[in-house]
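For reference, the structure discussed in these notes is given below.
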Number of protein chains: 2
Amino acid sequence: MTEKQQNILNAALKLFATEGVTSTSTSKIAKSAGVSEGLIFRHFTNKEGLLQAILENGREKSDEYFNSVMKVKDPKERLLMALHLPFVIPSDEYDFWRLIYTLKWQRGPMEHEGMDLFRNSLRQAFEELNYANPTAEAQLIEAIIDGVTTEVLLKDIYPKPLLDCILEKYKLK
Amino acid sequence: MTEKQQNILNAALKLFATEGVTSTSTSKIAKSAGVSEGLIFRHFTNKEGLLQAILENGREKSDEYFNSVMKVKDPKERLLMALHLPFVIPSDEYDFWRLIYTLKWQRGPMEHEGMDLFRNSLRQAFEELNYANPTAEAQLIEAIIDGVTTEVLLKDIYPKPLLDCILEKYKLK
DNA sequence: TACTTTTGTAAGTGATTACTCACTATAATG
DNA sequence: CATTATAGTGAGTAATCACTTACAAAAGTA
């Protein structure tokens with residue numbers, strides 16, 4: 001991976017996240033990355049290929065988050081870990097997650113293998129805790145993580161009081 | 001409002017919601033609405049004007065939802081009403097709400113007057129119920145409505161078990 | 001009926017789009 | 001050193017973009 005190749009990826013991620021994929025032209029990316037427009041196509045075939053490269057690049061990060069939750073054995077601890085997720089995203093990853101959340105509405109939610117394992121591990125935690133409807137509970141906690149992450153990415157909030165409210169609902173405090 | 005004018009609004013809403021605003025060309029809208037492309041500009045000045053017309057058109061709907069919650073006096077009943085919101089959206093409004101949720105990431109969340117009143121009425125309900133941090137609680141319930149609405153709009157879920165889980169967390173059952 | 005306003009169209013406009021091509025500079029390899 | 005593969009450029013391409021303009025049909029109004 002050359003330096004210019006990295007510049008392209010960085011510039012494209014920032015532009016895709018802030019202005020949207022279709023509103024970002026390849027010429028704008030090239031200008032922002034300080035390379036010729038042709039180089040984008042040499043390295044990434046086309047605009048879609050560039051987007052996919054960004055997505056693959058970030059998938060490793062997201063898998064780490066999911067794994068850090070799944071490896072926790074104690075069910076209560078695992079839920080605690082899951083509910084912390086929105087608050088442990090480092091701000092230099094915000095652009096990537098904004099991109100993910102934007103793409104959801106045009107291309108559907110990301111549904112790779114790791115995501116399924118994550119969902120199952122949550123459901124299993126609720127089963128072990130004898131919740132009445134573990135599947136629905138897993139769906140809800142996913143929705144909460146989703147909604148809270150949206151708040152974190154779009155507004156600037158005070159994490160602590162919000163997290164306290166969440167944990168109280170699940171009696172994890 | 002002519003029939004063709006309505007056709008344009010309907011076609012544009014559907015295309016904007018499913019493919020995104022910037023990926024939808026005015027010629028595509030015209031073709032889908034069965035009118036000449038020029039008519040779009042006669043009636044709505046430009047593409048942005050068309051989007052604004054759609055948004056104003058839908059604001060009445062959203063205000064009705066918020067008002068139906070705010071007019072409830074009893075705080076528990078009001079929270080109950082608010083948490084029902086994601087499940088009372090009729091499916092013929094899905095396109096509009098998908099559009100709203102998409103735009104959030106490019107143009108920021110919609111922040112009109114009615115939204116502020118809604119937020120305050122939720123905070124006040126938590127105050128009356130003597131919650132420790134009403135502001136954070138209002139933020140959380142907003143995030144939950146947001147996340148659950150996302151699930152409703154993007155996946156097909158069973159509303160009842162999910163709603164049950166939510167109400168149990170707030171001891172509203 | 002005569003006149004004005006509104007609604008609608010078809011054929012344009014220049015600018016921008018994603019992408020290609022011919023070519024050069026650099027680096028790796030035998 | 002000679003050869004070959006890779007990295008990089010800049011000037012193209014046709015297609016599409018949002019939008020305009022000139023003009024006709026329709027509808028309202030006196």
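The values are calculated or read from the model by the stated rules, or taken from the named source; none is laboratory data. Here the structure is a predicted model, which means the values were calculated and not measured. Here the Cβ is made from the backbone with ideal geometry for all residues, glycine too, and neighbour counts use every protein chain on show. Surface areas here come from the heavy atoms of the whole protein model, side chains and all, with no ligands, DNA or RNA. Shrake-Rupley method; radii C 1.70, N 1.55, O 1.52, S 1.80 Å.
Points worth noting:
- Of the criteria (1) touching a residue at least 60 places away in the same chain (Cβ under 8 Å); (2) not assigned by TED's automatic domain parsing to the domain that holds A:ALA125, which one A:GLY34 fails: (1)
- Of all residues in the range B:31-54, those being surrounded by fewer than 20 Cβ atoms within 10 Å (Cβ to Cβ) and either within 23 Å of the chain's Cα centre (by Cα) or part of a helix (DSSP H, G or I) (or both) number 14.
- Residue check for B:LYS104: assigned to a helix (DSSP H, G or I), open to solvent by 20 Å² or more (accessible area, probe 1.4 Å) and at pLDDT below 95: no
- Flag if B:GLY58 is within 23 Å of B:TYR101 (Cα to Cα), surrounded by 15 or more Cβ atoms within 10 Å (Cβ to Cβ) and under 14 Å from the mean Cα position of the chain (by Cα): yes
- Of all residues in the range B:8-29 being in contact (Cβ under 8 Å) with a residue 60 or more places away in the chain and buried (at least 17 other Cβ atoms within 10 Å of the Cβ), the one that is nearest to DNA strand D (Cβ to nearest atom): B:VAL21
- Entry remark, the range A:107-152: residues being more than 7 Å from every other protein chain (Cβ to nearest Cβ), outside any helix (DSSP H, G or I) and among the polar types (S, T, N, Q) number 1 in total.
- Within the range A:153-163, tally of residues that are more than 7 Å from every other protein chain (Cβ to nearest Cβ) and either assigned to a helix (DSSP H, G or I) or buried (at least 20 other Cβ atoms within 10 Å of the Cβ) (or both): 4
- One residue from A:ILE89, A:ILE166, A:ILE145 being open to solvent by less than 30 Å² (accessible area, probe 1.4 Å) and over 12 Å from the mean Cα position of the chain (by Cα): A:ILE166
- Answer from B:LEU99, B:LEU51 - the residue that is touching a residue at least 60 places away in the same chain (Cβ under 8 Å), of a type outside the set (Lys, Arg) and either in the same structural domain as B:ASP164 (by TED's automatic domain parsing) or more than 14 Å from DNA strand C (Cβ to nearest atom) (or both): B:LEU99
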